[in-house]
1. Karplus couplings for the stretch 103-117 from phi (6.51 cos²θ - 1.76 cosθ + 1.60, θ = phi - 60°), rounded to Hz, Gly and Pro as x?
2. Could you give the length gained on full extension between Arg487 and Arg383, defined as 0.36 nm per residue of separation minus the Cα-Cα distance, in nm?
3. For the chain, what is the relative contact order in percent, using Cα pairs closer than 8 Å and at least 6 residues apart in sequence?
4. Pick out, in residue order, every one of the chymotrypsin sites (Phe, Trp or Tyr not before Pro) in the stretch 332-367 that is DSSP loop and has at most 12 other C-beta atoms within 10 Å; say none if there are none.
5. Go through Thr441, Gly127, Ala328 and say which Cα lies farthest out towards the positive end of the charge dipole of the chain; charges sit on Cβ, +1 for Lys and Arg, -1 for Asp and Glu.
6. What nm distance separates the two modelled labels at Asn274 and Ala26, each placed 7 Å from Cα along Cα→Cβ?
7. Sequence-distant or interchain residues sharing an amide H contact under 5 Å with Val416, placed H: which?
8. Output ³J(HN,Hα) for the stretch 231-248: one whole-Hz value per residue in order, computed from phi by the Karplus curve 6.51 cos²θ - 1.76 cosθ + 1.60 with θ = phi - 60°, and x for Gly and Pro.
Amino acid sequence: MISKENEQPIYYQTATDLLERLGSGAISSVELTEQFIARIEALNPVINAVVVQTFDDARTEACAADAARHEGRPLGALHGLPMTIKESFGLAGTPTTFGIPDFAQNIAAADSEAVARLRAAGAIILGKTNVPPALMDGQSVNPIYGRTVNPWDIERTPGGSSGGSAAALATGFSALDYGSDIASSIRNPAHYCGLYGHKPSFGVSPSRGHTLAEHDLTPDIGVTGPLARSAFDLELALSVVAGPEDPMSTAYRLELPAPRRARLEDYRVALVSNDEFAEVDREVGSQIEALGDFLEKEGVHVSRKARPAFDSRELHALYLVLLRAATADTVSDEEFAAAQSAAGGAGLYAQDMATLNAYGVSLSHRDWLRLHAERERLRRAWREFFADHDLMLCPPLSTAAFPHSDVAPQARTLQVNGRDLPFENQLFWAAYAGLPYLPATVAPIGLTQSGLPVGVQIIGADFRDLECIHFAQLLETRYRSFVAPPRFP
């Protein structure tokens, strides 16, 4: 059951609870900001999560937030709340490098749209959190800032690419964080670090300013979204940031539908704990099954056999190709030519992942349109599936957090049930919600025998973001909530 927030140290309390304390005058923004800064200064040398620190600006903004409150001038829903953001977001006057040495001196001229909205709501940015190079790994280590470790086991990764975000939250460095997800980059770290994370429906949360490219386009599949120590904080953060960007905001407004079910027992869910293509480790699968047992006892309608009507290998291959195509604009002419050569005229049904990756990077527009049509067929299969089920519950990834690795993702293997399996098979679980643009919330549900966090991925129908988050809130209240890592109480 969920623990009482006032029993937690202040740096582990939820953003929602901290905002209540700020509003009541129980603590000032200056005091809270200093608490987080002290925590970062004490433990960040071990964790290495907050790699760009903006403490002086945060102190100034905290003073201004307290003055505004004293004068009766509310700043917004996040008035005076200290938080962090992922390194890949533009924050005026700070480097945005994506962990790539060539961009070490790339100083942002302005805030990204998401950061601007958080600050307009009164949030105070303590700093930026670590990422892998080009945001392309399930761990967070790069030549500029070094390696971020998992506070549950410092010999293991906190995930990626929002791994610094998750490690910061799990160690009590900030009240909230905002990240991005194109290949489980929010969901993966939330799962590895025992947190809540939400990958919004495509287009719900702005991506402008989350880029290194001059044209600043939102990549296919890619989204931005919150990570937190509570599912209630996910809803809060999304309410602040979500909505159309200019010029669409001139004509359009976003109104996400409210959850259709009020009580846990009203939900109809499908539960998937394994797949032949992307085998799930027993320690993860057993936690998913235990959650299913709990839900059944609570009166939830749980189907353990229902699946959307598509082939797992087809889903994975289509996702891998479109994923590589989504970021192909950033490769050099030499890299593009090499990919064309490596693809060698391959198609979607190439057997090895290296060839699929190369095919995606060098994809012609004609082939992209044909593959996008295949995606639309899969999206229809999901819509048909959600006519009979409210949510899909499945693993975020096949394993708990893995040991630090210096092997490239394409060559890396993971131990799953005692066997070495390709690391890139993990992208299957990212594809479930990523490829069809669906919302997905990760919530903590247990620990492995060695004490590593395990989460569940809660996938909803198109734009049913609040339904995914609501179900996570119900689990937080009635099943399991955030627990601090034992080594960092």
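Values quoted throughout were computed directly from the atomic coordinates according to the rules given, and no laboratory measurement underlies them. Small disclaimer: the values here were computed from a predicted structure and weren't measured. When we count neighbours, we look across all protein chains shown, and the Cβ atoms used for this are built from the backbone with ideal geometry, even at glycine.
1. 10, 4, 9, 7, 8, 5, 7, 8, 6, 5, 4, 4, 5, 4, 6
2. Gain on extension, Arg487 to Arg383, equals 33.1 nm.
3. On the way: 1100 pairs, mean separation 83.5, N = 489.
Worked out over the chain, it gives 17 percent.
4. Numbers: sites: Phe336, Tyr349, Tyr359; in loops: Tyr349.
Sparse-neighbourhood loop chymotrypsin sites (Phe, Trp or Tyr not before Pro): Tyr349.
5. Comparing the listed Cα positions along the dipole, Thr441 ranks first.
6. Reported label-point gap for Asn274 and Ala26 is 4.6 nm.
7. Answer set, sorted by chain and number: Leu421.
8. These are the phi-based 3J(HN,Hα) values: 5, 5, 5, 4, 5, 4, 4, 5, 5, 7, 9, 5, x, x, 8, 5, x, 4 Hz.
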